[in-house]
1. Kindly state, to the nearest 0.05, the FRET efficiency for residue 274 paired with residue 1, given R0 = 41 Å and r defined as their beta-carbon distance.
2. Filter 24/277; 217/238; 15/280; 36/79; 238/277; 120/238 down to the pairs with a C-alpha to C-alpha distance above 22 Å, please.
3. Size of the dipole of the chain about the Cα centre, Lys and Arg at +1 and Asp and Glu at -1 on the beta carbon, nothing else charged, in debye to 20?
4. Amide H of residue 61: which non-local residues (sequence gap of 5 or more, or other chain) have their own amide H closer than 5 Å, using H built in the peptide plane?
5. Work out the FRET efficiency for residue 297 and residue 118 from their Cβ-Cβ distance, taking R0 = 25 Å, and round it to the nearest 0.05.
6. With a Cα-only, solvent-free Debye model of the chain, what are the log10 I(q)/I(0) values at q = 0.09, 0.14, 0.16 Å⁻¹?
7. Mind ordering 288-297, 147-156, 172-181 by average Cβ neighbours within 10 Å, highest first?
8. Once the other residues with Cβ under 11 Å from the Cβ of residue 231 are scored (Lys, Arg +1; Asp, Glu -1), what is the net sum?
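Each reported figure results from applying straightforward, stated rules to the coordinates on display, with no laboratory input. Here the structure is a predicted model, which is why all the values come from computation and not from measurement. Note that each Cβ is placed from the backbone with ideal geometry, even for glycine, and that neighbours are counted across all protein chains shown.
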Amino acid sequence: MSSMLPGAPWLLAHKSMLSMQPRKISLYGIDYVMWKDVGGNVHALPNACPHMGAMLSEGWCEIQSDGTSAIVCPFHALKFDAEGCTVLPGPNKKTLPQLNPLSLIIQGDFIWSYGGYEPKIPIPAVLNEIAKTYDFIGHTADASVETDLLTMLLIMHDYNHQNGTHRDLFQITEVEFHRFVDNGHHSHAFYDMPTAPYSLIEKLKKPDLFLLPSTIKAHLENHFPSLVIFHGEMPLGKAAQCHIFVPEAENRTRTYILLFGQAKNPAFQLFGSTYLKFGKVVVDQDTDILGKIYANTPQKIKLNNEVGMDWVRRNFENFPDVTEPNFSNFNY
Ligand code: FES
Ligand SMILES: [Fe+2]
């Protein structure tokens, strides 16, 4: 269990990802069914029906006569309200709760949970700040990967894998690392990645390439352990690409992207779906390499700029405490 950092808050979904259609959400080895009712309220119950164990996420939602919503089991159609009570045929009386709802902390459109554990670190406020000043563009790349949380976090704080994992997408020629700012569970990394020029022919064949700047200026804002924000500055506007992590089980970790944008030019809106597509390709490539790593290989070689991974390891080993040393550095 300690490999999943109990006491940390996890962002399980953005409200736009939910509907009356129930969906399965996993956390700490337990599956839940989550849905959004007509009033926009979000609920989560354990996914195993207390009758004979059918997956409630395979069922459907129904509006009750009192206006509340209930989840209907796909096996024998018992209906459970948000408190986990059902009405048995025959006595026609509401039972006591048969399912223990997952406690959620809802901040605007963000649905957080500590998975029933005692909170040890606070929910980062940054997403609420972004939601105030940026437009929400969409979500993408929701993937459940067969890897442990630490391995997932390491790849997301690895500033050297652009030329391997992401070589086809960006053609990055080098990584110029500038600065790492260590504030405990919060950090920033700043680096530039010049890209090889694409020919005009290539750009005409793949018009999305016009959106790529010749130097990708990366500013990563990290909130251990659940969130990495890639701040992108483009001629048409600013983007905040938020990478979210959720420990579904010891050896299964979910990741997805929430994309926010601030338009400087109205054309920015048109490119929303293209940016989402880029995000999806990046995550697909990360997912692919995560499936091709021998996880317990001793590391005998160390590259420059592994400070993000060192930061992850320190925070992981000492969770929930933050200890020295301080990894801030300036490599101008
Ligand atoms: S298994 Fe759900 S109603 Fe029977
Ligand atoms: Fe990556």
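1. Working: r = 41 Å, r/R0 = 0.99.
That gives a FRET efficiency of 0.50.
2. Exceeds cut-off: 24/277; 120/238.
3. On the way: 26 positive and 34 negative charges, 105 e Å.
With only Lys, Arg, Asp and Glu charged at Cβ, the dipole is about 500 debye.
4. Amide H neighbours of residue 61, under 5 Å, 5+ apart: 72.
5. Step by step, r from the Cβ atoms, then E = 0.10.
6. -0.54, -1.15, -1.40
7. Working: 288-297: 10.2, 147-156: 21.0, 172-181: 16.6.
Ranked from most to least packed, the peptides come out as 147-156, 172-181, 288-297.
8. Its environment carries a net charge of 0.
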